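Provided herewith is a single structure, encoded as structure tokens, for subsequent inquiry.
The values are calculated or read from the model by the stated rules, or taken from the named source; none is laboratory data. Model, not experiment: these values are computed from the prediction. Cβ placement follows ideal geometry from the backbone for every residue including glycine, while neighbour counts extend to all protein chains displayed.
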Amino acid sequence: MKMSEIRKMDTAELQEKVQDLKAKLANLKISHAVTPLQNPMEIRKTRRTIAKLLTELNQRGN
């Protein structure tokens, strides 16, 4: 997800997206521990997207 897309979202959408991605990350980690994922880079990608969203939320002051 690009920062330009993130900036267009409102605060409620950002918070909802963060929660969804955190749940997805937890599921990916559990799945990867049981059976290796086909694409383990998905974990890194999800983690970085969460960081981008949280950065934008912090810049907005929420």
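In region 17-28, is there at least one residue being without any contact (Cβ under 8 Å) to a residue 12 or more places away in the chain, exposed (fewer than 13 other Cβ atoms within 10 Å of the Cβ) and assigned to a loop (DSSP other than H, G, I, E, B)?
Within region 17-28, the subset without any contact (Cβ under 8 Å) to a residue 12 or more places away in the chain is 19-20, 23, 26-27.
Pick out the ones that are also exposed (fewer than 13 other Cβ atoms within 10 Å of the Cβ) and you get 19-20, 23, 26-27.
Remaining after also requiring assigned to a loop (DSSP other than H, G, I, E, B): none.
For region 17-28, residues without any contact (Cβ under 8 Å) to a residue 12 or more places away in the chain, exposed (fewer than 13 other Cβ atoms within 10 Å of the Cβ) and assigned to a loop (DSSP other than H, G, I, E, B): absent.
Out of Arg7, Arg47, I need the residue that is basic (Lys, Arg), at pLDDT 95 or above and under 21 Å from Asn58 (Cβ atoms). Which one? If you could, list the steps in order and put the result at the bottom.
Numbers: Arg7 fails: at pLDDT 95 or above.
The conditions single out Arg47.
Within region 31-50, can you find the residues that are in a helix (DSSP H, G or I), surrounded by 10 or more Cβ atoms within 10 Å (Cβ to Cβ) and not charged (D, E, K, R)?
Ser31, His32, Ile43, Thr46, Thr49, Ile50
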